[in-house]
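Quick notes on the structure that follows.
Values quoted throughout were computed directly from the atomic coordinates according to the rules given, and no laboratory measurement underlies them. Keep in mind that this is a model prediction, so the values were computed, not measured. Neighbour counts run over all protein chains shown; Cβ positions are idealised from the backbone, glycine included.
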Amino acid sequence: MKKTRLTPRITAAVAASVLASMVLASCGGGSDNTDSGPDAAGAEAPLFDALPQKFQDSGAIRVGSDIAYAPMEYYDTDGTTVVGFDKDLTDLLTEQLGVEFEWNNAVFDSLITQLKSDRIDVAISGMSDTAERQQEIDFVDYYRAGAMLLVAKGNPEGLTSIADLCGMTVAVQRGTTQAGYAKDQSKQCEADGQDPIDLLEFDRETEAMLQVKNGRAVSGLQDYPVATYNARTSGGGNDFEVVGDQIDAGPLGIGVSKENAELRDALQQAMQALIDSGDYQDLIEEYDTPLGAIDEATVNGGS
């Protein structure tokens, strides 16, 4: 019998607070312990023994995340409580592993460095599992998403695809695959004899969104669940809309240091257990993101 879970707090009020608290999110440059999950079951959890001894002893896994990426992870209206799909996923993983996930705020572009320097144990931040990143860290895949164009409501420039962005100003979060897509398209624009994209890059996704909302950029590029969420909720659904199809849909993964293979394998087992039990599908349905569902928790499944 499946456990009854609280539904995620994705409401219009919370959505408004995401944009209203942009200054708070933008100031969080370094790690900042913010939140953990429910009380862990400890040694009674089904996969507790699969964890490395140090995590069994500490009872906690340190998460690094850019906590300004609704609906994946963001702050609730109190400015300190972490909510979102990824946070709810770690609560489910706690039930399997018996240890808490301690969330720490960080700039997205610093997460791989923090993993490699052992400042965090895992990176969970809507991070795409790519072949390039696999050279530095490992991934346990838990979701599937591609990039989408987020434009001002009404689509004033009449954009239909990333190919329409030549000669235009686009706002993205620094260090993301979306920034990479924009740079690649800019090169293609020049190769085709058109003007390159004027790319604005920011540490926080919320900063990039402001440029689109205020008309300083014609479009942003965001992951599928983030773009659709912002279009549905920001300004009561009156600020943005999503245009075109997903670009290069691929897996999002939990990042783990290559020095921590035992933790990686324990997370993979826990993730697969959630898929097999149906708890993962329940979470997908709660967030209304059917295109993001996976049926196998692969390791380094991106290309």
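Principal axis extents for segment 51-93, Cα atoms only, whole Å, descending order, please.
Taking max minus min along each principal axis of the Cα atoms, segment 51-93 gives 36, 17, 15 Å.
With N set to the residue count of segment 127-278, report its C-alpha Rg divided by 2.2 N^0.38 Å to two decimal places.
Normalised by 2.2 N^0.38 Å, the Cα Rg of segment 127-278 equals 1.16.
Considering the chain, what Rg and Dmax in Å follow from its alpha-carbon atoms?
18.8, 63
Running Debye on segment 114-181 with equal point scatterers at the Cα sites and no solvent, what base-10 log of I(q)/I(0) appears at q = 0.13 Å⁻¹?
Log-scaled intensity ratios, in q order: -0.53.
How big is the dipole moment of the chain about its Cα centre under a simple scheme where the beta carbon of each Lys and Arg is +1, that of each Asp and Glu is -1, and everything else is neutral? Debye, nearest 20, please. The partial results should precede the final answer.
Values: 21 positive and 51 negative charges, 113 e Å.
Charge dipole of the chain: 540 debye, to the nearest 20.
Given only helices, namely DSSP H runs of n ≥ 4 each adding -39500 (n - 2.57), what is the per-residue ellipticity at 222 nm of the chain, to the nearest 500 deg cm²/dmol? If you can, show how the numbers build up before the last one.
Values: 11 runs with 102 residues, N = 303.
About -9500 deg cm²/dmol.
Counting only Cα, what are the radius of gyration and maximum Cα-Cα distance Dmax of segment 191-303, in Å?
18.0, 53
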